[in-house]
Amino acid sequence: MSDRLTPDVVAKVARLARLDLTPDELDRATDQLSDMLDHFADIDKLDLRDVEPLNSPYPLVNVLRDDVEQPTLDRDEVLAAAPKSEDGRFWVPPILGGDS
Amino acid sequence: MSTDTNVTSETSAAPWAFEGYEMVVGLEVHVELATRTKLFSGSPNRFGDEPNTNIDPVTLGLPGALPVLNRQAVELAMKIGLALNCTVQPCTFARKNYFYPDMPKAYQISQYEDPLNVDGWLDLPDGTRIGIERAHMEEDAGKTVHAGASGRVHGAEHSLIDLNRAGVPLVEIVSRPDMRSPEQARQYVSELRAILLAVGASDAKMEEGSMRVDANVSVRRPGGELGTRCEIKNVNSIRSVGRAIEYEAKRQIVLIEGGEAVRQQTRHWDEGDGKTHTLRDKEDADDYRYFLEPDLVPLVPERSWVEAVRSSLPVLPSARRVALAEAAGSAPDDESIVTIVDRGQDAYVFAVVDAGGDVGRAVVHVQQAFAEFDAAPPVPAGDLAALTTLETGGQLTATQAKTVLAVLVDRGGGDPAAIAAEHGFEAMDTSELEAMVDEAIAAQPDAWEKFRAGEGKAMGALVGHIMKASKGQADGKLVSQILQQRKG
Amino acid sequence: MSEYPTALQIAEGVRSGDLKAVDVVEQHLTTIADTDGEIHAFNHVMADEARERAAAVDATVAAGGDPGPMAGVPVALKDNMCTRGVPTTCSSKILAGWLPPYDATVVQRLTAAGAVFVGKTNLDEFAMGSSTENSAFGPTRNPLDTERVPGGSSGGSAAAVAAGFAPVSLGSDTGGSIRQPAALCGVVGVKPTYGRVSRLGLIAFGSSLDQIGPFTHTVADAALTLETICGHDPGDSTSIPEPAPEFSAVLDRGVDGLRIGRITDLPEGADPDVVARTDEAFAALESAGATIVDVEVPAFTYGLTAYYLIAPAEASSNLARFDGVRYGLRVDGADVEEMMRNTRTAGFGDEVKRRILLGTYALSAGYYDAYYGKALKIRRLMAEDFAAAYQQCDVLLTPSSPSVAFPFGSKTDDPFAMYLCDTYTIPANLTGDPAMSVPFGDGADDLPVGVQIIAPSLGESVMLQVAAELERSAP
Ligand SMILES: [Mg+2]
Ligand SMILES: [Zn+2]
């Protein structure tokens, strides 16, 4: 067991990720994630101050496409595969509080 | 062309203050780029199409779909940066993670740590320099229609999502907090819009959403510490920019004066009631979990590419205002100069001058008669030049010239002298005029006495009499000259 | 060597007209029908499509046309690669029933080469796991011992080849998901250089780590498949603009003069049987003319930590699109946020949720620098350490998996114990280097052991060259 994580933090992370956790699941997730972070503590002792992060393994730059139209997908086919649609649009339950 | 874009210098000169506070304003302007296709896929970038017809796996955020960057979008973004005096630099793309139903991947691909354009500036017509922090590329979200009872976000029964706009290339232009009045903010947006149009980067239509303004507003005692700022969203016209900022600054001042703290918030401008409303608090700070987009590679614009784009830039509005003002002998922020350059009619004015026309008269006519036209008014420059020559030669009065110009506009050009003749606009010779002056003096002895006594206003009655008698054909300038002579 | 016909034999037969593709496909479909009930390698068998495609290949041959280098070769696809109109689920409830409206690039290339798809194979949900026990549709059994796991996450693809359902299958490898199941099922499995094979149409797990590669019985079949699927794809911005080399040409060259690196500071934890077979592999290469060179790769030890921060971080973002709005599962809610939570809570399994939570945490405000940021720096150290090692050797040799196939349930209670399965495979995903597993004798309970060859970026040829030697000299 470790104190690297609290249930509060896990609950906040679950909210960010749009996942519901029951109280039991929250406790279990806190234990498991905490345990993992303990294992990951092996890197704490490394001095990484002067190390540049490496984001992608193969160094490519300037990959560009021409501004040319490509075929689009068929709307009816796409909407038929959607959970719910109306008037050519995707139907979703009401949006509370804005973000966009 | 809305009247919003006609900015006057009188108002901008007046510093804004309320209860001894000043406002500190920075603007974030999103513009949709005028590309054929989206930022990361080949679906059309087109406004007004049937919903969900401009879609492909990337736009829909389908599993397995991958983005590929649009070269033309990069080039237009570079044009914006260069026109704003920015440094174009090597840059990267990042994911901004948040859930929203019109954001298909649940992350927006944007530029975070290393934007394409940094550290530029924009000069307002009156010379005020507004810093540009960055102008970065990102993708647009889709559109949400709130259906049901109220038609608004709150209380909607459900919402409908159209992804045609999702993935459309945007450039977000972030100014430094250098604006101190609503008028400056309006001028900034107006000037920015003119630049975007001039370089062809965007159609910049606020009413269609291809140019969108968010305002960061705080207030402070002049020279004091910066206050807590609020971000105002949904400012949909240049006029609203000024109104929203004014309202918000006053709201904050009233709060502070009432002993309350300004909370850091995102607020929504309601055009209807003319107020800003809380959208959400920023206390529960947004956690966007930015990280470099692993599906894209860095963009490192070679110097040759940047220079090629730079050399393709047209002369920008600020330089064009200076040139026109110099020619016309007025100030660059003179309303007529600003208006004409804004409409792109400055080249036309120079064409009139090249054809031998009078620059002063040309500026007046272009400003007044061509408001509904774009860069190419329907009257050949030579015809307007001929008209101004008739005016300066005393053959036509200003009023007559206006009438002739209206006919030229109607007919798409013509010989001004012939049109003047059609209207019976013949220049009266001086003896004819002198007779009319004598007649007016005789008819209005009171006015004549007052005028002789030095009451300048009385001249109006005499001139009016002559104009009426001549059916407007008398040259007002000449009439007043004769009256002065008679007075002795 | 196996009892089953190889892809090369089939393609040769079909191209010359000696074999009918329809017969080949029918034989394989019969084998699948007879035994996949027990193995459960497939989520979906594409019987009708396969028969139709095979007939088209035969027709091309009959008309004197060129049906392609993989003419009539049955191929099984991991069920995280998009196939137009054919269910693609990632073994997740959240995508059950989804029909992609487009084909992955690898699907297009294999089709153009004359291959015939026989089905979509089972995997750990969204490729997260090392045993295929995390599939929402039930586990896959190891054809060599049905009480044991086939490895994972590409367990279905490894099992499909091992069981004779197809001579070739494709898997995806984010932290070892091709090489580890290849080792556990006794087949060849290759993870090419990151960027060699287009990821377009591969449902992303860790975008900077994911790479598609083949499972085959033989090294030669792996080379043939790689020649087909490698090469630049303008639809994937991370695709390397290099043509696929003629990998098959190097297989007979032997290893005389090659330097094989032995990592002296390799993390411990491999079972003795695995260690013994790996030592024998070194010895075999040495006696075939190679030189064994001791090298140090200090960062190797930290690979697991770096990987289990980077991959979940990328995954937490990649899997955010499953929100119930546009496709896949929706579980309703009173408002859109509740709908999204209900959908994701019901649609994802435990391991996927665990990694989403871990990854979201590693990226979130206040923790980024301590976790995700540090992991990226370790990734840099890893690349530098490997680059230094390649100064001294041409390829590196390690075990593929710490153990042979393990019984069901033996690691499911301890997520970290499962993560340790990837100890040896993870570094090549972090560096992007090509790596592969080749069977090399048996270990405990007569189950196969695989050894891993890791080569420098774009060094598939020398890697395959060494693999071919190990194949020839395997006990
Ligand atoms: Mg912003
Ligand atoms: Zn933005």
Cα to Cα, under 27 Å, and not fewer than 8 places away if on the same chain: which lysines meet these conditions relative to B:K477? B:K402, B:K450, B:K457, B:K468, B:K487
For B:F291, list long-range residues whose amide hydrogen, built 1.01 Å from N in the peptide plane, is under 5 Å from its own amide hydrogen. B:R95
Rounded to 0.05, the calculated FRET efficiency for the beta carbons of C:D332 and A:K12 at R₀ = 25 Å is 0.50
Restricting to lysines and to Cα separations under 20 Å from B:K38, and discarding same-chain partners fewer than 8 apart, the set is B:K79, B:K96, B:K105, B:K143, B:K205
The ³J(HN,Hα) series, computed from each phi in region C:11-20 with the Karplus coefficients 6.51, -1.76 and 1.60 at θ = phi - 60°, rounded to the nearest Hz and given as x for glycine or proline, is 4, 4, x, 5, 5, 7, x, 5, 10, 9
Listed by chain and number, the residues whose amide H is under 5 Å from that of C:K191, excluding neighbours fewer than 5 places away on the same chain and using placed H, are C:A435, C:M436, C:S437
How far is it, in nm, from the label point at B:E113 to the one at B:D270 when both lie 7 Å from their Cα along the line to the Cβ? 4.2 nm
Between beta-carbons, use under 14 Å as the cut-off and find the net charge around C:S317, counting Lys and Arg +1, Asp and Glu -1. +2
On full extension of the chain, what length is gained from A:R4 through A:E25, given 0.36 nm per residue of separation minus the C-alpha to C-alpha distance? 5.8 nm
Shape of chain A from its Cα gyration tensor (a ≥ b ≥ c, root eigenvalues): rounded if a/c is under 1.5, otherwise prolate when a/b > b/c, or oblate? oblate
Using R₀ = 56 Å, calculate the FRET efficiency as 1/(1 + (r/R₀)^6) where r is the Cβ-Cβ separation of C:A56 and A:D66; round to 0.05. 0.95
Would you calculate a helix-derived [θ] at 222 nm for chain B, using -39,500 (n - 2.57) for each DSSP H run of n ≥ 4 and dividing by the full residue count, to the nearest 500? -11500 deg cm²/dmol
Please identify which residues in region C:142-162 have an amide N closer than 18 Å to a label point set 7 Å out from the Cα of C:F408, following the Cα→Cβ vector. C:142-160
With 10 Å bins from 0: P(r) over region C:7-250, alpha-carbon pairs, percent: 9, 36, 39, 15, 1
Please compute the length gained on full extension between B:A347 and B:R411, using 0.36 nm multiplied by the number of residues separating them and subtracting their Cα-Cα distance. 20.9 nm
Under the definition of Cα pairs under 8 Å and six or more residues apart, what whole-number percent is the relative contact order of region B:241-347? 14 percent
Compute the relative contact order of chain C as a whole-number percentage, counting only Cα pairs closer than 8 Å that sit 6 or more residues apart in sequence. 17 percent
Honestly region C:341-475 on the Cα gyration tensor test (a ≥ b ≥ c root eigenvalues; a/c under 1.5 rounded, otherwise a/b vs b/c for prolate or oblate) is just oblate
For region B:2-312, what does the alpha-carbon gyration tensor say about shape, rounded, prolate or oblate, given a ≥ b ≥ c as the root eigenvalues, a/c under 1.5 as rounded, and a/b over b/c as prolate? oblate
Can you compute 3J(HN,Hα) from phi for each residue in region B:297-303, using the Karplus curve 6.51 cos²θ - 1.76 cosθ + 1.60 with θ = phi - 60°, rounded to whole Hz and x for Gly and Pro? 10, x, 10, 10, x, 5, 4
Along each principal axis of its Cα atoms, how long is region B:167-270 end to end? Whole angstroms, biggest number first, please. 48, 26, 22
Charge dipole (debye, nearest 20) of chain B; +1 at Cβ of Lys and Arg, -1 at Cβ of Asp and Glu: 480 debye
Taking H placed 1.01 Å from N in the peptide plane, check which residues at least 5 places from C:T291 or on another chain put their amide H under 5 Å from its amide H. C:G257, C:L258, C:R259, C:I260
In Å² (nearest 100), what accessible area is buried between A and C, both sides summed, heavy protein atoms only, 1.4 Å probe? 5100 Å²
Show me the three semi-axes of the equivalent ellipsoid for chain C, from the C-alpha gyration tensor (sqrt of 5 times each eigenvalue), largest first, rounded to whole Å. 30, 30, 20
So what are the ³J(HN,Hα) numbers for region A:38-48, from phi and the Karplus equation (6.51, -1.76, 1.60; θ = phi - 60°), rounded to whole Hz, Gly and Pro as x? 4, 4, 6, 5, 4, 8, 4, 7, 7, 8, 10
Residue span B:D49 to B:R176: 0.36 nm per residue of separation minus Cα-Cα distance leaves a gain in nm of 42.1 nm
Antiparallel bridge percentage (DSSP; both residues within the protein assembly as shown; nearest 5): 80 percent
Unit-weight point scatterers at every alpha-carbon of the protein assembly as shown, Debye formula, q = 0.04, 0.07 1/Å: log10 I(q)/I(0) is -0.29, -0.71
Given the protein chains as shown and a 1.4 Å probe, how many square angstrom of C:T111 are accessible, to the nearest 10? 50 Å²
List the aspartates and glutamates whose alpha-carbon lies under 15 Å from that of C:K411, not counting same-chain residues fewer than 8 positions away? C:D124, C:E133, C:E147, C:D350, C:E351, C:D422
Spin-label zone in region C:247-277 - amide nitrogen under 19 Å from a point set 7 Å from the Cα of C:A444 along the C-beta vector: C:267-277
How well do other chains shield peptide B:93-99, expressed as the mean number of their Cβ atoms within 10 Å of each residue Cβ? 5
Of every hundred units of 1.4 Å-probe accessible area on chain C, the number belonging to carbon and sulfur atoms, as a percent, is 49 percent
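The values are calculated or read from the model by the stated rules, or taken from the named source; none is laboratory data. Owing to the predicted nature of the structure, the values given are computational and were not obtained by experimental measurement. Cβ sites come from the backbone with ideal geometry, for glycine too, and all protein chains shown count toward neighbours. What goes into the accessible areas is simple: the full protein's heavy atoms, side chains included, and nothing from ligands, DNA or RNA. Shrake-Rupley method; radii C 1.70, N 1.55, O 1.52, S 1.80 Å.
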